[in-house]
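What follows is a set of notes on a single structure, which appears directly below.
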Amino acid sequence: MARRIKFVVYQDEDFLWRWSLKSSNGKIIADSGEGYGKRSHCLRMVGRIIDYAMKAIVVIEESE
């Protein structure tokens, strides 16, 4: 079975809901940066990120 990146949703020590995006090797490549009071709000944001990523463009900024 192919390994994939995945979102992991969890509660932190303050009982706030957070997400982490983990690479196929288990390393965190992005995280929520903030906690959510409700699990449903955290899951909604994960859904938005997935949707936004599908529509994102890549911009390369050249240094001077």
Angle between the chain longest axis and helix 39-55 axis [Cα atoms, degrees, rounded to 10]: 10 degrees
Treating only the Cβ of Lys, Arg, Asp and Glu as charged (+1, +1, -1, -1), what charge dipole size does the chain show about its Cα centre? Round to the nearest 20 debye. 600 debye
Could you pull out every one of the lysines with an alpha carbon less than 16 Å from that of Lys22, ignoring same-chain neighbours closer than 8 positions? Lys6
With percent of Cα pairs over 18 Å apart as the read-out, I listed [x] 41; [y] 48; [z] 36; which label goes with the value calculated from this structure? [y]
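Bear in mind these aren't lab numbers, they're just calculated from the coordinates by the rules spelled out. Every value quoted in this text rests on a predicted model; they were computed, and no experiment measured them. Note that each Cβ is placed from the backbone with ideal geometry, even for glycine, and that neighbours are counted across all protein chains shown.
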